[in-house]
Every structure is written in C-alpha cells, then in structure tokens.
Amino acid sequence: MESKACTLAELVAARWDDHRPRLWCEERVLSGHEVAAGAAARAALLGDLLPAGAVPHLGVLLDNTEEFPLWLGAAALAGAAVAGINPTRRGAELARDILHTECALLVTEQAHLPLLDGLELPGVRLLVTDRPGYGELLAPYAGAVPDPSRAGPRDRLLLYFTSGSTGAPKAAICTQGRLAAAGYALAGQFGVRPEDVHYVCMPMFHGNAVIADWAPALAAGAGVALRRRFSASGFLADVRRYGATYFTYVGRAVQYILATEERDDDRDNPLRVGFGTEAGAVDAAAFERRFGVRLVEGYGSSEGGAAVQWSPGTPAGAVGRAAPGLVVLDQETGAECPRAVFDRAGRLLNGDEAIGELVNRGPNPFEGYWRNPEAERERRRDDGYWTGDLFYRDTDGYLYFAGRTDDRIRVDGENLAAAMIENILARYDGADAVAVYAVPDPVTGDQVMATIAGRFEPGAFAEFLAAQPDLGTKMAPRFVRVVERMPVTATNKIQRGRLRREGVGCGDPVWWCPPEEGAYRVLGMEDAEGPLVPGDEGPFDAVRRQGLEPRTR
C-alpha cells in the first residue's frame, strides 16, 4: 500500500509526471505536471527573493487565479508560509495585516495595486504576477524539479486571518502536516476520486477554500477549477463547464445561488456534494430540491481546535454527534450544561441552562496564533480549547449550533439560540437572507432584533410567526430591520457585529411590535420619547440621540 504524504510539499511533488488537466482558471488549463513544475520554479525564485535571515513569510494578495495555488505550492516546497491577504481590507488595516505577519514578499496583481497606494510597508518587496517582465523573472527557474525534502510536517504553511467581531483579526497558524492530514480526512469523508473536479469559488485567502477544497483535491489527485471571485449567476455555468463534482461554501453563498432565476434544467449538473457552513436547513433543502445536490453542513473552528462531523441519522437542525472530548460548558461556572429538552414541536425548552460554549477537552490540532499570546490564552484555558461558539446538546449526544458567543441573546432571564431563530425566520416567503441578534433592553437583558433582506409585509409576517409551532414566545423579533441586501464580509458571512452596533438607529426601515399591541408598525421618533438616562443603553437610544426618523419604503 502506498504511504500517505506527511507534508503539502510531498503532495505538490506527487503531481510531477501527471499530465492530465488538473487546474482550470478561466481559459487557462494546466496539467498536474505543469502545476508541480510551476510551484518548483516559484519555490526556487522565492529562495532568491527572500532576504537572508528574514522570517520565511510571503503575503498573497490575489484573486482566485492559477497564481494562488502555484504560490501555495511554492511556499510548501520552500518551507515557507503564506499569509492570505484580504483585498476588502483598506489603508492602515491592510498594512497592519501585511506587517503583522512579517511578510518579506507580497505577491499581488495589478488590479490590487491601488490598495497599496500610500501604505508604509518597510522591508516588503512587491511581486506583480500580471505585470510585463514576470515571465522573464521566472524563466531562469523553469527547469526546477520539486524537492519536498526541505519541508517537514511541523513547518508553518498558512497564516490565515480569522474574522473576529472585535479587535484586529488574528492570524491562525496551520502547518504542512495539519493541512495534509485535513486534506486526506476530507477526501476520505467525501470519497474524493482522481476523476473529480473541485470548484473553488470561495476566496483562497480564507481557510475554507484552502483547507476544505484545495487540500482534499490535492490529497486525492483530483482537479481544481478556480473562479476568480464568487458569482451566483455564474455558478451553474461554471460547474457544467468544468465538470465540477464538489464545492465548498461559507455564509450566504447558497442563498445567493438560490436567488438566481430557476430553470427547468437546474438538476442537469455533475455535482455530487457541497460542503460548508451557515447555509441553514431551509436553504439546504431548497438547494437539494432544485439542483439535486446534497449539502453537508459541517462545523470546524477556523483555528482547528474543534470539529463536528455530520453522519447519517443526524437529526434535522443538528450539526452532528459530539466526538469524545467535546462538551458544552457554562461560560461563567465552567460546569457542563444540562442536555437540551424539546417539546413536540421542536422548541428548545431549557435554553437558559442548555446553551453554553463548545469546548474541546480532548486532543486538538490548534497550533496557535502568530505573535498573539493573549488570544492563545483565551482559547487555551482550563484544560480545554474554547471555541467561542455557542451550542446545546441533546440526550443522544447531537450538537446544535446556537450562534457565536457575541450572538448570545438573553430575554427575560432565558438564553435564546440566535441560529435557531434564524432557521425559523428563513421559512418566511419574503426573506432572501436573515440575521438575528440582540439589542439591549432598557431595563435588563436583551430584546430580539432581526434583519431581513427581501420583501416584508408586517401583517403577513405576524401571521407567519403565529403559525410557526417551534417559535417560542420569547423568540419573536421585537424589531425587524428591512434591507435590500444583507451586509456581508468578503467570505459572504453576515456582518452581525455591524448590525448589532447600528441597532434600530439606522437609515433602513425598522418595524417594531410593542408588547401591548401585538402587531408590527414602523418605528418613529414618537416611540423614542423621554429623556436620555446616563448609562441607559436601550434600543431607542440611537434614535433619540441622533434624532433619526427611520424611513419607510
């Protein structure tokens, strides 16, 4: 039996002499051999570009072009590490990401050069892949042969930024060994074959595309098709064009695809499976009905500290069964939370005590953050890895995602699961996307607020809520903000932190349901009368402070 590679460098080198098409990007096609040769040439060039004694880090500020995986392969062969640079960052924040990860070289393209104008980046050398002269720079290294012996399993390969809601993003470390192991694990889980083609439409500066899409394709010898930037309207055409059988998604990507015009031949596609997070049960079912493709919702902390795998028999709404070592703990006491109790309609009856933070007390591959010991201590404490994510666990050991720790909602002394409420509101016919979060109650605790992208009719929405058997009495949104398009990050994750900060004091229409009325009406200045009390941070504060009059359509 052929032994498995222990490093990404070995996986890259294994494509040598593989002359099948293995990498597609727009009109360009590279064989596996050309990918290995291209990575080897860039690895040799990298050795000459990195200053002696410098930390072997390079930043990659690219769209999903063939240069991105080629430079990932080059870094693997050279024993260097790639920091994926997010092109939606700007100014001082962008400079901070590059300098924090100590990138001696920044690989980019002409389209992103304006982002770098005026930035102070001392000691950072720039390499532009689509500028005249790039080919000539590579030419002397064209005969390089991939040599994986320079890299070991414990060598850093990725520094990928996690999208925290507060503070600067943290650069999580991923070694060659962990990435290779993740590639093999996912290839095995989904039965990836050499004849498969993985469609990479999520941005490669993010861990999802590299760890969950590119790495398993490399481990199985499968092909990779790149989309420069995610396009919902181009999704199905790309899948058919490249013969894609597998793709990954994050955040609202699935909703955007479902929002495209439906066609009679949508099920005529080669896809076998989609793997990702945050699609939601309603959209996953709609995707399978329309395209004939099963979506597998998984959970894995970006840093690798905990993972939950779906398996046959997993109840609707659950992520999967808890592996040994995974526990749900009360954030204040550290005690294990009681198991969840549901009524016949599926309502969570004991959210106040059942919802807690998911903690991994078993072995985990978390490898730390680059130059951020304080953040590491926050994750590694009390003999466990604290994920920062809220869950509850049923009597059979299945885990249900309840939101991020920042998403905690506590109404009248009861903890509510934001993710559960979102899944219910997603059934509303007018909703293209939904976000649920807390706004402060002027007396104590929180009130539930929802942002809905799409159509909103207050009477129909109230009737919809009343008809949902699994919507608890405290789950119904007190406030509803209506937007044309949900604010999302570059990886299609909803910007809940921004929505929470803006609260009801925004420029969009906000509807509210006063408890004594039981019906939704437009929130106006007359609802925010009364003096501002120092320290009072109720939901009307922004309206009173700014004199805002939320507009209607």
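The values are calculated or read from the model by the stated rules, or taken from the named source; none is laboratory data. Owing to the predicted nature of the structure, the values given are computational and were not obtained by experimental measurement. Cβ sites come from the backbone with ideal geometry, for glycine too, and all protein chains shown count toward neighbours.
Here are a few things to note about the model shown:
- Inside segment 280-289, residues that are more than 23 Å from Leu348 (Cα to Cα) and either buried (at least 16 other Cβ atoms within 10 Å of the Cβ) or among the polar types (S, T, N, Q) (or both) make up a count of 2.
- Qualifying residue in segment 40-55 (condition: under 26 Å from Ala244 (Cα atoms) and aliphatic (A, V, I, L, M)): no
- When Thr473 is tested against the conditions (1) free of Cβ contacts under 8 Å to residues at least 12 places away in the same chain; (2) among the polar types (S, T, N, Q); (3) buried (at least 16 other Cβ atoms within 10 Å of the Cβ), the lone failure is (3).
- Screening Arg131, Arg125 for residues that are touching a residue at least 24 places away in the same chain (Cβ under 8 Å), among the basic types (Lys, Arg) and either surrounded by fewer than 21 Cβ atoms within 10 Å (Cβ to Cβ) or at positive phi (or both) leaves exactly one candidate, Arg125.
- Positions within segment 442-459 being more than 15 Å from Val504 (Cα to Cα) and not in a loop (DSSP other than H, G, I, E, B), in sequence order: Ala453, Gly454, Pro458, Gly459
- Condition met for Glu332 (acidic (Asp, Glu) and at pLDDT 90 or above): no
- Residue check: Tyr134 meets all listed conditions (1) among the aromatic types (Phe, Trp, Tyr); (2) in contact with a strand residue (DSSP E or B) (Cβ under 9 Å, 6 or more places away or on another chain); (3) under 19 Å from Val12 (Cα atoms) but one, namely (3).
- Taking the criterion of being part of a strand (DSSP E or B) and charged (D, E, K, R), the residues of segment 294-349 that qualify are Arg294, Glu297, Arg321, Glu336.
- Unmet requirement for Leu72, which otherwise passes all of (1) under 14 Å from Ala151 (Cα atoms); (2) in contact with a helix residue (DSSP H, G or I) (Cβ under 6 Å, 6 or more places away or on another chain): (2)
- Residues of segment 52-70 satisfying the condition of being part of a loop (DSSP other than H, G, I, E, B) and either free of Cβ contacts under 8 Å to residues at least 40 places away in the same chain or in contact with a strand residue (DSSP E or B) (Cβ under 8 Å, 6 or more places away or on another chain) (or both): Ala52, Gly53, Pro56, Leu62, Asn64, Thr65, Glu66
- Extreme residue, surrounded by the fewest Cβ atoms within 10 Å (Cβ to Cβ), among residues of segment 304-326 that are touching a Lys or Arg at 6+ places or on another chain (Cβ under 7 Å) and under 25 Å from Asp383 (Cα atoms): Gly325
- Qualifying residue in segment 355-369 (condition: in contact with a helix residue (DSSP H, G or I) (Cβ under 7 Å, 6 or more places away or on another chain), surrounded by fewer than 21 Cβ atoms within 10 Å (Cβ to Cβ), over 27 Å from Phe247 (Cβ atoms) and of a type outside the set (Ser, Thr, Tyr)): yes
- Restricted to segment 1-40, and to residues there that are small (Gly, Ala, Ser) and closer than 23 Å to Pro203 by Cα, the residue that is surrounded by the fewest Cβ atoms within 10 Å (Cβ to Cβ) is Ser31.
- Selection of segment 476-486 for residues being more than 14 Å from Ala438 (Cα to Cα) and either of a type in the set (Asp, Glu) or buried (at least 17 other Cβ atoms within 10 Å of the Cβ) (or both) yields Val482, Val483, Glu484, Met486.
- Residues being touching a strand residue (DSSP E or B) at 6+ places or on another chain (Cβ under 6 Å) and acidic (Asp, Glu) are entirely absent from segment 393-406.
- Answer from Arg89, Arg22, Arg28 - the residue that is of a type in the set (D, E, K, R), touching a strand residue (DSSP E or B) at 6+ places or on another chain (Cβ under 6 Å) and over 16 Å from Ala142 (Cα atoms): Arg22
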